[in-house]
Amino acid sequence: MKKVITYGTYDLLHQGHINLLKRAKELGDYLIVGVTNDSFDRERGKLNVRNNVLERVDAVKATGYADQIVIEDYVGQKIDDIQKYNVDIFAIGSDWEGKFDFLKEEGVAVVYLPRTPEISTTQIKQELHK
Ligand code: C2G
């Protein structure tokens, strides 16, 4: 069984996230989605997240693409998860191109999936303020 893992915040879940999850799932047989917890997001400079971690987990669950959801708590967790869950493929959006190549050392394939243009959480927040 081919296991795929991907990570994200998934705040105000939108079509861009859904497309990413669908494409990630299609890369293998079993998709693990890592959802960042609130304190880890603040730590990495994402200060304006609207949905709390439980809401974001529920939103990812509702897409129907995740076979398993884990919470991402700390910087080195991706390596730990890859080993712990015996992951074959690490997938992430193309806005991260090159940034996760170091994970290949863990024996996974690293795939950058095309980002959906013209939709983002930032844009949705701006629309909400109008
Ligand atoms: N995404 C996309 N198209 C968009 C917006 C987002 O394909 N229009 C993808 C991103 O590339 C990412 C996933 O959706 O793969 C989740 O995006 P975010 O919630 O913004 O999470 P991010 O900050 O990219 O978290 O350490 C890596 C992070 O955990 C990834």
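We did not get these values from a lab; they are worked out from the coordinates using the rules stated. What you are looking at is a predicted structure, and each value in this text was computed from that prediction instead of being measured. Please note: Cβ atoms are built from the backbone with ideal geometry, for glycine as well, and neighbour counts cover all protein chains shown.
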Sites residue 105 and residue 52 - FRET efficiency at Förster radius 22 Å, r taken between beta-carbons, to 0.05 = 0.05
How large is Rg over Rh for region 44-105, taking Rg from the Cα atoms and Rh as the Kirkwood inverse mean of 1/r across Cα pairs?
-> 0.96
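Figure the gain on full extension for residue 39 and residue 15 (residue separation times 0.36 nm, minus the Cα-Cα span) and round it to one decimal in nm. Each step should come with its number before you reach the end.
Values: separation 24, 0.36 × 24 = 8.64 nm, distance 2.51 nm.
That works out to 6.1 nm of additional length.
Taking the highest mean first, how do the peptides 18-29, 38-49, 60-71 order by number of other beta carbon atoms within 10 angstrom per residue? Working shown, then result.
On the way: 18-29: 18.2, 38-49: 13.1, 60-71: 15.5.
Top of the packing list down: 18-29, 60-71, 38-49.
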Mind checking which of 30, 112, 85 has the largest fluctuation in a GNM of the chain, springs on alpha carbons under 10 Å?
-> 85
Taking every pair of alpha-carbon atoms in the chain, what share in percent sits in each 10 Å bin, from 0 to the bin with the longest distance?
-> 13, 45, 36, 6, 1
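Distance cut-off 27 Å, Cα to Cα: go down the list 2/99; 22/130; 3/99 and report the pairs above it. Display every interim value, and only then the final one.
Numbers: 2/99 23 Å; 22/130 31 Å; 3/99 21 Å.
Result: 22/130 exceed 27 Å.
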How far is helix 15-26 tilted off the main Cα axis of the chain, in degrees rounded to 10, range 0 to 90?
-> 10 degrees
Mean residue ellipticity (222 nm) of the chain, computed from DSSP H runs ≥ 4 via -39,500 (n - 2.57), nearest 500 = -10000 deg cm²/dmol
Degrees separating the helix 53-63 axis from the principal Cα axis of the chain, which is the longest one = 70 degrees
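Kindly state, to the nearest 0.05, the FRET efficiency for residue 130 paired with residue 96, given R0 = 25 Å and r defined as their beta-carbon distance. Please list the in-between numbers first.
On the way: r = 29 Å, r/R0 = 1.18.
Step by step, r from the Cβ atoms, then E = 0.25.
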Residues residue 80 and residue 120, FRET efficiency given R0 of 30 Å [Cβ-Cβ distance, rounded to 0.05] | 0.55
Taking 0.36 nm per intervening residue step and subtracting the Cα-Cα distance, what contour gain separates residue 63 from residue 22 on full extension?
-> 13.9 nm
